[in-house]
Every structure is written in C-alpha cells, then in structure tokens.
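The values are calculated or read from the model by the stated rules, or taken from the named source; none is laboratory data. The structure presented is a predicted model; accordingly, all values stated were derived computationally and were not measured. Here the Cβ positions follow ideal geometry from the backbone for every residue, glycine too, while neighbour counts run over all protein chains shown. Areas reflect the complete protein model, heavy atoms only, side chains present, ligands, DNA and RNA absent. Shrake-Rupley method; radii C 1.70, N 1.55, O 1.52, S 1.80 Å.
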Amino acid sequence: MDTFNKAEITRRGLLAGTGALVVSFSVANALAQQPAQPPAAPAPAKPPALPGSLNTDRFLDSWIRIDADGKITVFTGKVELGQGIRTPLIQVAAEELNVEPGDIELITADTARTPDEGFTAGSQSMQNSGTAIRNAAAQVRELLIGQAATRWNLPADQLKAEKKTIVAPDGRSIGYGELVAGEFLHVEAQPQSRLKTPDQFSVIGRDLQRVDIPGKVTGGVAYIQDLRLDGMVHARVVRPPSYSATLKTLDASAIEAMPGVISVVRDGNFLAVVAEKEYQAIKAMRALEQAAEWDEPANLPDQAILPAELVAMEGDIGTVAESGAPAFPNGPTFEATFTRPYIMHGSIGPSCGIAIMKPDGTMDVWSHTQGVFPDREAIAQMLGLPEDKVRIIHVEGSGCYGHNGADDAAADAALIAAKVPGRPIRVQWMREQEHMWEPYGPGMVTKIKASVGPDGKIDNWAYDLWSNSHGTRPGDAGSLLAGRTKGNATPLKLPKLSINPNGNGDRNADPLYAIPNRRILWHFLPDMPLRVSALRGLGAQPNVFSIESTMDELAIAAKTDPVEFRLKHLTDNRAADVVKLAAEKFGWGKNEVPRGHGVGFAFARYKNHAAYLAIALELQVEQETGRVRVIRAVSAIDSGQAVNPDGIRNQTEGGILQSISWTLYEAVTFDRTRITSTDWSSYPIMRFASVPDTVEVHIIDRPGTPFLGTGEAAQGPTSAAVANAVRNAIGKRLFDLPLTRSRVKTAIGA
C-alpha cells in the first residue's frame with residue numbers, strides 16, 4: 001500500500017475532522033493483490049481519462065470517506081434543487097459498496113468539502129457525478145476486500161463485501177472501519193472499475209423514497225428559507241425600479257432611526273437595510289423605497305412588436321448543423337414563424353442568501369446556487385477577497401431549475417456582511433423582486449421551411465433561430481446584481497456565440513429525424529434588453545415546439561398519421577421505442593376523439609444525446625372562452641440505466657406540468673421602462689384546477705447502459721404535444737407562445 005504523505009492531504013480531508021479516515025488506495029496493486037512494484041516510469045504528460053467527474057477530481061478521497069466506526073460519507077459537487085438527485089447518488093454508492101442506502105450520508109456541494117463539479121445543470125448529475133461515485137465506490141469495495149485478503153493471507157476472490165463488512169469463507173468478518181483504521185490515504189482512482197453487472201443489482205433499479213421529501217412535508221428545515229443561525233439578523237435590499245435606473249438622491253436618516261434598524265447600507269446603486277427582526281427589515285425597506293429617488297431611462301424594447309425587435313438585434317450567425325443543400329422543389333411545403341416570450345423560473349419561494357464575515361477575515365455564505373465554486377469565484381471577485389477566504393455552502397432552495405435569483409441573493413448577503421461583520425446576515429427577496437430581477441428564459445423567434453418529397457418523407461429542411469445566450473451564470477462579479485450595482489461596479493461580460501454538443505439557444509434545434517437536406521442557423525443576439533440566463537432546457541422548449549409543430553403539419557401534407565410519420569424518419573431504435581410505447585399506452589388512433597377535444601403527439605431526444613421522451617396527450621378546448629385544459633398525458637422515457645424509477649417518474653411528471661404551464665399561461669410583460677409582471681396575477685402559472693386528471697410516465701429501463709439524465713427531457717415534447725392537440729381540436733395552428741385563451745378564441749373565430 002502507499003505510505004502516508006502529509007503533503008497529499010486535501011483541504012476537504014482535513015476539514016473532515018479527526019478520527020475519520022478517508023479511503024483511497026493504490027488501485028492497480030490492491031486490485032491485483034500483488035506485492036509492491038519498483039518505481040514506475042514517469043507518468044505520461046496526459047493522464048488517462050477517468051469515468052464521469054472522476055476525470056476532473058481524480059482522488060478517491062474526494063468522493064468516499066469511511067470513519068473508524070464504519071460510518072460512510074459520500075461527497076458530490078452536485079446540488080439538490082428539487083430533482084431528487086440525492087437519492088440515486090446514494091443508491092449507486094450503496095450498490096457498489098454492498099451496503100444499505102441508509103448507511104450512507106451524502107454531502108452535497110460545499111467549496112470546503114466536496115469536489116468541484118461546476119454547475120448542476122443540463123440533466124448531467126447522474127452522467128457526471130453518479131458515474132464518478134459509482135466507480136469510486138466500486139474501487140473502494142475492491143480495495144477493502146484486498147486489504148482484508150492481505151490481513152488474512154487469503155485470495156481476494158474468496159472474500160465478499162456485505163453490510164459494511166468483509167466476510168471470509170470460514171465466517172470471519174471485519175468491518176470497513178477496522179480495515180482503514182489508522183490510515184489516511186490519498187491516491188488516484190483508476191480508469192477501469194470492477195462494476196456490478198445488472199443481474200447483481202439489489203439497490204440500483206429499485207424504487208426508493210426520496211430522502212429530501214420528509215422535511216418538506218413535515219415542516220422541517222428543508223430549505224434555505226427555513227435556516228436560522230445563532231445571532232442572525234435580517235436584511236432587505238431595495239432594488240432599482242428598473243434595469244437602467246440610477247440612484248439620484250437619498251436621505252436615510254429617518255430609516256436609520258426606525259426600531260431595530262442596525263444599518264442602512266449604500267454602495268453606489270446598491271441599497272439595503274439591516275435590522276434585528278425580519279418585519280423590522282421589511283418596514284424599513286418600504287420606507288427606504290419611498291426615500292430613494294431614481295433616474296429611469298426608457299430603453300426596453302416594444303413588447304407589442306417583440307419578435308421584430310429580437311430579429312433586428314441579430315449579431316453573429318452560426319451554423320448549428322448542415323447536410324446536403326435544401327432546394328425546395330415543387331412539392332408540399334410548410335413555412336412558418338414561431339415565437340416564445342421571455343418566461344420566468346417563477347420560484348415559489350423567493351430567493352434567499354445568508355452570509356457572515358468572521359473575525360479572521362473569512363466569509364461563509366449559504367446559498368441555493370446551482371454552482372458553489374463559480375459563485376465563490378464571483379463573490380470573491382466582487383469583495384476583492386482571495387477565493388480561499390470565501391466558502392459557499394449549498395442549502396436547497398424552494399424552486400429553481402435554472403439560474404434564478406439564488407446567486408444574487410447570496411451576493412447581496414455577502415456584500416452586506418462585509419459591511420456589517422460578525423453576525424450572520426439573512427437576505428430574503430420579496431415576491432416583486434424575484435419577478436422583476438431574476439434572469440428570465442430568453443424570448444426567441446424561429447423560422448422554418450420544410451417540404452415533403454414524392455416518397456412521403458421530408459426532403460428539405462431550413463431552420464433559423466434568433467436568441468440571446470441562455471447562460472450568464474456566475475464566475476464573474478458582473479454576473480451578480482450586487483456586483484453590477486455597487487460602487488466600482490463590474491459590468492456584465494456580453495456572451496459570445498458558441499455552438500457545441502450541449503447546445504444553448506440552439507439546443508435541440510437540429511431534429512433527430514433523418515432528413516437528407518437540412519440547414520440550421522443560429523442568429524445570435526449579443527445584446528440582452530431583459531436580463532436572461534439558463535432556464536430548464538435552455539433553447540430546447542421553443543425549438544422542439546417549432547420542430548414538432550412542423551412535423552405534424554408535414555404529416556398532414558403527406559396524408560400520414562403523425563406517429564407513423566415520425567417513425568418513418570427515425571433511424572435510432574431507442575427513439576422509435578419510446579414513440580411506439582407512448583402511442584401504445586395512450587391508445588393512439590384507437591378511440592374517437594370527442595367534440596371539442598384534441599389529441600397531440602411529440603418526441604425529442606434531449607440535446608440529441610441525452611434522454612429520449614415521447615408524449616401523447618388529450619385536451620379540451622372551450623369554444624366560447626378559448627380555455628385549454630389538458631385532460632390526460634401519457635409519456636415514455638428512456639434515461640438509460642434507471643437507478644430510481646420513481647424519481648424518473650416524478651421528475652418527468654413535474655416537467656410535463658411545468659411545460660404545460662409555460663405553453664398555456666406564462667409570459668413576462670414590460671413597458672418601455674419597467675417589468676410589469678411583478679406578481680402571480682400579472683404572471684399567471686398553472687393552478688391546481690388546470691392540472692390534468694392523469695399523467696402517466698412509462699420507463700424503458702436499459703440496465704448496464706450509461707445514465708442519460710431525466711430532468712429536462714419533457715419540456716420541449718410536452719409543449720409541442722399541447723400545440724398539436726390544440727391544432728387537432730380547432731383545426732388551426734397557433735404559432736406564438738403562450739397559447740392563451742384570447743389567442744385560442746381568436747383562432748377559433750378567424
């Protein structure tokens with residue numbers, strides 16, 4: 001075994017405390033059960049690739065810890081944000097360590113304790129962190145067996161791991177904690193792991209109750225909004241009334257004299273109040289709002305002609321995909337322009353952050369950010385502190401799925417804490433602040449022209465999209481509202497056009513269907529008149545809405561059933577399987593559709609390389625009012641190896657409901673100066689009365705295949721299926737989201 005080396009101890013390992021032993025071993029020697037070899041030749045310049053996020057944090061002690069008493073702790077750089085990811089991460093570790101899920105404590109993203117896995121985004125937690133943890137756990141299991149074999153002088157293949165012990169054929173056993181007692185080891189993982197095969201699984205593939213749910217349904221401390229620290233005081237920020245407003249005059253003397261007020265903080269255009277109690281802070285904030293005078297230029301676009309405004313902002317043009325040469329000979333051709341407005345995350349709990357500046361000059365920040373390490377970088381830059389002086393600890397927030405106000409609330413708290421040191425500062429946003437200042441999902445315009453050839457298949461496809469970047473996440477102080485409004489502000493860096501396999505505004509813009517002549521262009525908008533960033537699915541929802549609406553129109557032109565038309569163009573068997581299963585479980589084409597009802601179908605593979613999802617749904621359209629209500633939805637999903645099927649089902653159900661809400665109700669509103677959708681009445685979302693009667697999710701499990709991710713697969717197909725069902729119900733296509741009552745009623749009467 002490798003010898004103890006103080007120089008190799010990680011900061012995370014040291015912070016774990018005494019009496020705890022981090023398991024990591026010289027894997028090559030331990031797995032082979034061979035004596036120590038002479039020093040090897042110098043390592044190659046480029047180390048071998050490791051599975052998942054192990055490739056960027058290569059030491060096993062970053063992922064697995066076993067205490068002397070046998071307690072097992074697993075570390076992930078990913079965060080729980082409602083997707084239920086903690087549960088399957090525990091499952092894969094438990095499976096490979098041969099322990100029960102309840103034997104494992106999972107620590108999520110914390111810059112002082114966990115690996116740096118960047119952002120929790122793109123439905124990649126299982127692909128990256130799940131893969132890393134599973135491989136690390138498998139290697140630790142084999143190393144524990146190897147260590148026991150050495151102690152007992154037995155062949156490793158005669159031993160087995162079970163219930164936190166290694167067991168010999170004669171019944172002898174030794175606990176995991178005993179095997180690592182007195183040793184602290186830190187070496188790299190290896191490229192290959194002895195993973196269990198699907199027939200050996202006892203935990204993977206099993207429905208397991210989500211570990212994050214009990215606190216949420218029992219009134220426990222489930223969210224950062226619930227967190228209370230000793231000595232904590234409350235702060236409220238006074239935001240400018242609009243994006244470009246600047247603070248002209250302020251007399252804060254009356255506010256400073258209000259009961260409980262500790263401090264009024266002004267730094268440039270950043271304005272806040274700190275008080276002993278929360279309601280005192282709210283009252284002082286309202287008074288501070290009245291005392292502040294702002295200059296407000298009117299420089300927002302004209303919402304009445306928003307699509308034209310967006311097209312006029314075009315900067316660079318990038319080719320997303322191209323093959324053949326679209327020519328459009330005489331044949332059935334469909335041409336249309338589709339639009340999506342700016343839409344909100346609409347987090348049910350407004351954003352919150354807590355920070356304390358400690359006497360030693362270090363700062364701790366609690367945040368529901370999706371990226372603790374990038375947020376640390378941005379906050380440290382904003383405060384002029386070294387990064388190692390700032391610690392970001394993730395605590396789950398009430399509502400997210402993208403870049404909402406979490407990072408900004410953390411930055412607010414950090415900036416105030418730097419000016420009011422020594423006590424935890426809790427910043428809670430108000431509802432109107434969340435609605436007005438969160439980064440929205442960008443408005444988009446897409447134009448499509450496609451034709452069907454004599455063989456009844458698509459022969460030409462031209463697709464153009466206009467969109468901002470969907471990513472302005474932290475990593476830089478200019479990405480934070482506090483960083484942009486404080487004195488000596490850091491401006492937001494304008495993003496540049498970037499086309500890569502993960503996609504951005506162009507995500508899912510290239511159809512998965514086999515089309516000989518196709519061209520997909522992204523007309524990139526560098527300027528961002530409204531604040532925008534990542535929202536669940538990025539460009540996938542508007543792109544799939546446009547593509548799948550077009551597929552239905554082309555099927556009608558080809559006089560072919562919409563499901564059969566899609567199958568004609570799919571060469572990927574897994575794609576065809578989800579289409580067939582969704583259609584079968586829905587009873588597609590088998591039942592007469594009642595008057596005033598419509599059925600719709602849609603399919604996409606998220607990012608064209610992640611989860612496959614198809615959905616069929618039935619809805620009712622009230623002819624008199626234009627109200628649309630989805631009655632039932634039936635989906636099929638292939639996420640690769642299913643770790644926790646129940647988690648896949650509830651994530652997909654939630655995605656379907658959120659997408660229905662986007663499609664039927666949601667749009668940010670604004671005038672030439674301010675955001676006007678500042679509450680739930682001016683920004684309606686789907687209410688319980690409009691939830692479908694039934695939502696079915698059928699999982700195609702692929703044991704032994706890579707994890708594909710689940711959380712964002714439903715957004716695009718659901719939106720398109722709703723649009724196709726409305727088309728089926730009223731006989732007319734709607735091109736502009738959301739499909740509101742007024743738009744549907746106008747189409748019916750046209």
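Only one of the numbered conditions (1) farther than 24 Å from residue 494 by Cβ; (2) of a type in the set (S, T, N, Q); (3) at pLDDT 95 or above; (4) under 31 Å from the mean Cα position of the chain (by Cα) is violated by residue 323, and that is (4).
Only one entry in 215, 231 is within 30 Å of residue 482 (Cα to Cα), surrounded by fewer than 15 Cβ atoms within 10 Å (Cβ to Cβ) and among the small types (Gly, Ala, Ser), namely 231.
Matching residues to (1) surrounded by 23 or more Cβ atoms within 10 Å (Cβ to Cβ); (2) within 18 Å of residue 72 (Cα to Cα):
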{"position": "116", "(1), (2)": "no, no"}
{"position": "119", "(1), (2)": "yes, no"}
{"position": "133", "(1), (2)": "yes, yes"}
{"position": "140", "(1), (2)": "yes, yes"}
{"position": "149", "(1), (2)": "no, no"}
{"position": "155", "(1), (2)": "no, no"}
{"position": "158", "(1), (2)": "no, no"}
{"position": "166", "(1), (2)": "yes, yes"}
{"position": "169", "(1), (2)": "no, no"}
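Apart from one condition, residue 127 fits all of (1) assigned to a loop (DSSP other than H, G, I, E, B); (2) open to solvent by 20 Å² or more (accessible area, probe 1.4 Å); the exception is (1).
Step by step: first the residues of segment 345-359, then only those that are touching a helix residue (DSSP H, G or I) at 6+ places or on another chain (Cβ under 9 Å), of a type outside the set (S, T, N, Q) and in a loop (DSSP other than H, G, I, E, B), then the one that is surrounded by the most Cβ atoms within 10 Å (Cβ to Cβ). Which residue is that? So the residue we want is 345.
Restricting to segment 647-678, name every residue that is acidic (Asp, Glu) and closer than 30 Å to residue 208 by Cα. Step through it out loud before you land on a result.
Of the residues in segment 647-678, the ones acidic (Asp, Glu) are 653, 666, 671.
Of everything in segment 647-678, just one residue is acidic (Asp, Glu) and closer than 30 Å to residue 208 by Cα, namely 653.
Among residues that are touching a residue at least 60 places away in the same chain (Cβ under 8 Å), farther than 23 Å from residue 725 by Cβ and either touching a Phe, Trp or Tyr at 6+ places or on another chain (Cβ under 7 Å) or charged (D, E, K, R) (or both), residue 702 is included. Residues considered: 719, 682. Of these, the only one that is of a type outside the set (D, E, K, R), more than 23 Å from the chain's Cα centre (by Cα) and modelled with pLDDT of 95 or more is 682. Once segment 685-716 is narrowed to residues that are over 17 Å from residue 575 (Cα atoms) and in a loop (DSSP other than H, G, I, E, B), the residue that is farthest from the chain's Cα centre (by Cα) is 693. Residues in segment 45-55 that are open to solvent by less than 20 Å² (accessible area, probe 1.4 Å) and touching a helix residue (DSSP H, G or I) at 6+ places or on another chain (Cβ under 7 Å): 53, 54. Summed over segment 501-559, residues that are part of a loop (DSSP other than H, G, I, E, B) and either without any contact (Cβ under 8 Å) to a residue 12 or more places away in the chain or not aliphatic (A, V, I, L, M) (or both) total 21. Filter segment 502-533 for residues that are out of contact with any helix residue (DSSP H, G or I) (no Cβ under 8 Å at 6 or more places or on another chain), open to solvent by 10 Å² or more (accessible area, probe 1.4 Å) and of a type outside the set (Lys, Arg) and give the result. Matches in segment 502-533: 504, 514, 515, 516, 517, 521, 526, 527, 528. Filtered by the rule that a residue be acidic (Asp, Glu) and open to solvent by 10 Å² or more (accessible area, probe 1.4 Å), segment 56-102 gives 57, 67, 69, 100. Scanning segment 196-248 for residues that are under 26 Å from residue 409 (Cα atoms), among the polar types (S, T, N, Q) and not in a helix (DSSP H, G or I) yields 242, 244, 246. Selection of segment 662-677 for residues being open to solvent by less than 40 Å² (accessible area, probe 1.4 Å), under 14 Å from residue 436 (Cα atoms) and outside any strand (DSSP E or B) yields 667, 668, 673, 677. Within segment 249-260, restricting attention to residues that are open to solvent by 60 Å² or more (accessible area, probe 1.4 Å) and part of a loop (DSSP other than H, G, I, E, B), which residue is nearest to residue 427 (Cα to Cα)? Per the stated criteria, the residue is 259. Just one of (1) within 18 Å of residue 723 (Cβ to Cβ); (2) of a type in the set (A, V, I, L, M, F, W, C); (3) surrounded by fewer than 20 Cβ atoms within 10 Å (Cβ to Cβ); (4) free of Cβ contacts under 8 Å to residues at least 12 places away in the same chain fails for residue 576. It is (1).
Do you know which residues across segment 356-370 are among the hydroxyl-bearing types (Ser, Thr, Tyr) and within 21 Å of the chain's Cα centre (by Cα)? Those that are among the hydroxyl-bearing types (Ser, Thr, Tyr) and within 21 Å of the chain's Cα centre (by Cα): 367, 369.
Determine, yes or no, whether residue 71 is closer than 25 Å to residue 470 by Cβ, of a type in the set (D, E, K, R) and in contact with an Asp or Glu (Cβ under 8 Å, 6 or more places away or on another chain). Let's see the steps before the verdict.
Numbers: closer than 25 Å to residue 470 by Cβ: no; of a type in the set (D, E, K, R): yes; in contact with an Asp or Glu (Cβ under 8 Å, 6 or more places away or on another chain): yes.
It is false that residue 71 is closer than 25 Å to residue 470 by Cβ, of a type in the set (D, E, K, R) and in contact with an Asp or Glu (Cβ under 8 Å, 6 or more places away or on another chain).
For segment 477-494, what are the residues that are touching a Gly at 6+ places or on another chain (Cβ under 9 Å) and open to solvent by less than 30 Å² (accessible area, probe 1.4 Å)?
Of everything in segment 477-494, those that are touching a Gly at 6+ places or on another chain (Cβ under 9 Å) and open to solvent by less than 30 Å² (accessible area, probe 1.4 Å) turn out to be 477, 481, 485, 487.
Among the residues of segment 371-391, those identified as open to solvent by 10 Å² or more (accessible area, probe 1.4 Å), in contact (Cβ under 8 Å) with a residue 40 or more places away in the chain and not hydrophobic (A, V, I, L, M, F, W, C) are 374, 376, 377, 381, 391. Does segment 606-622 include one or more residues that are open to solvent by 10 Å² or more (accessible area, probe 1.4 Å), small (Gly, Ala, Ser) and not in a helix (DSSP H, G or I)? Scanning segment 606-622, I find no residue that is open to solvent by 10 Å² or more (accessible area, probe 1.4 Å), small (Gly, Ala, Ser) and not in a helix (DSSP H, G or I), so the answer is no. Looking only at residues in segment 640-654 that are of a type in the set (Gly, Ala, Ser) and either open to solvent by 10 Å² or more (accessible area, probe 1.4 Å) or assigned to a helix (DSSP H, G or I) (or both), the one that is nearest to residue 606 (Cα to Cα) is 654. If you check 245, 252, 257 for being closer than 30 Å to residue 299 by Cβ, hydrophobic (A, V, I, L, M, F, W, C) and without any contact (Cβ under 8 Å) to a residue 40 or more places away in the chain, only one passes: 252.
Would you check if there is a residue in segment 263-285 being part of a strand (DSSP E or B), without any contact (Cβ under 8 Å) to a residue 60 or more places away in the chain, open to solvent by 40 Å² or more (accessible area, probe 1.4 Å) and aromatic (Phe, Trp, Tyr)? Within segment 263-285, none of the residues are part of a strand (DSSP E or B), without any contact (Cβ under 8 Å) to a residue 60 or more places away in the chain, open to solvent by 40 Å² or more (accessible area, probe 1.4 Å) and aromatic (Phe, Trp, Tyr). Selection of strands (runs of 3 or more DSSP E) fully inside segment 411-469 by the criterion of at least 2 residues being open to solvent by 10 Å² or more (accessible area, probe 1.4 Å) returns 444-452, 458-467.
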